[in-house]
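Only one structure is covered here, and it is reproduced in the block below.
The values are calculated or read from the model by the stated rules, or taken from the named source; none is laboratory data. Bear in mind the structure is a predicted one, so any value in this text is a computation, not a measurement. Every residue, glycine as well, gets a Cβ built from its backbone with ideal geometry; the counts of neighbours run over all protein chains shown. With ligands, DNA and RNA removed, areas are computed over all heavy atoms of the protein, side chains included. Shrake-Rupley method; radii C 1.70, N 1.55, O 1.52, S 1.80 Å.
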Amino acid sequence: MNCNLQANRCPNAQLMLNKVLERFIHSDLTELQVFSIEPSIERSLKQRIAHMELPISIDETIEELPITREIAATWADEFDEEDYEDVSVIRVFKVTMNTLNDKDVSFS
């Protein structure tokens, strides 16, 4: 599942992230990718997962994609340029639902 927050900044980015996390944890999917320019979204993602006590892990390798002119042009109709003029990359967070496997289960 992909969640592209586009040029949304907080608090909108956080609200959107919360909604997609809810859908993700109630789905059969095991991987979520979150695309965001919001600098605080990593902290928000970690806090939300901890608060909800979710069996989810975040890949420590965060991919960064340059914001090209083409991407900025797609944002021009929906966002003010000031929403994204101070950032140069889109960060991609890979979130994985942790599942138990036979090795994780022990019987006493």
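Residues of segment 22-53 that are free of Cβ contacts under 8 Å to residues at least 60 places away in the same chain, of a type outside the set (S, T, N, Q) and farther than 18 Å from Leu65 by Cβ: Glu22, Arg23, His26, Asp28, Arg43, Lys46, Arg48, Ile49, Ala50, His51, Met52, Glu53. Restricting segment 41-83 to residues that are open to solvent by less than 30 Å² (accessible area, probe 1.4 Å) and at pLDDT 95 or above, the residue that is nearest to Ala13 (Cα to Cα) is Ile41.
Would it be correct to say that Asn8 is open to solvent by less than 60 Å² (accessible area, probe 1.4 Å) and at pLDDT 95 or above? In short, yes.
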